[in-house]
1. Can you tell me the length gained on complete extension of the stretch residue 98 to residue 73, counting 0.36 nm per residue apart and subtracting the Cα distance?
2. Along Cα→Cβ, 7 Å out, is where each label goes; now give me the distance between the ones at residue 19 and residue 34 in nm to one decimal.
3. Pop out the ³J(HN,Hα) list for region 24-35 in order, Karplus 6.51 cos²θ - 1.76 cosθ + 1.60 with θ = phi - 60°, rounded to Hz; leave Gly and Pro as x.
4. When ranked by the protection proxy of mean other Cβ atoms within 10 Å per residue, highest first, what sequence do the peptides 68-78, 50-60 form?
5. What is the calculated FRET efficiency for residue 50 to residue 81, with r their C-beta to C-beta distance and R₀ = 25 Å, to the nearest 0.05?
Amino acid sequence: MRPYWPRTSWWTAGSHASQDQSTINTAFVLGISLVATLIALKPSTLTQYMINFALAALAAAWYFPVLVGMYWKKATAKGMFASTVGGFAAYVILYFISGVIPSTKGGGLRRWGCPLPG
């Protein structure tokens, strides 16, 4: 199977490419770590919702393709990609329909005229 990206590109060309790339990676990791630390210093309920959403979306999009890719010999790259996109899309749709976030609680169903329990 051929990769979807070229082997050489503007950031890998040149004699100091690996050092430059390492410096850029370190800067991004430090920047993201700083932002995460600042968010963690003053947590809110939105922070917990963002963490739950990110972890559940990651599990919905990647768990099944990785599991099937490891044990099923007839798995294809297109099938894994479709499974990843489908899992993520299903999670996002069901997340907003279920109304886990209080501000969107049942909002999608009420717009369509469906009665809600409680």
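1. On the way: separation 25, 0.36 × 25 = 9.00 nm, distance 3.56 nm.
That pair, residue 98 and residue 73, stretches by 5.4 nm at full extension.
2. Modelled inter-label distance: 2.4 nm.
3. Whole-Hz 3J(HN,Hα) from phi for region 24-35: 5, 4, 4, 4, 5, 4, 5, x, 5, 5, 5, 4.
4. Values: 68-78: 10.0, 50-60: 13.1.
Ranking the peptides 68-78, 50-60 by packing returns 50-60, 68-78.
5. 0.45
No lab work stands behind these numbers, since they all come straight from the coordinates. Treat the numbers as computed from the prediction; the structure is a model and nothing was measured. Here the Cβ is made from the backbone with ideal geometry for all residues, glycine too, and neighbour counts use every protein chain on show.
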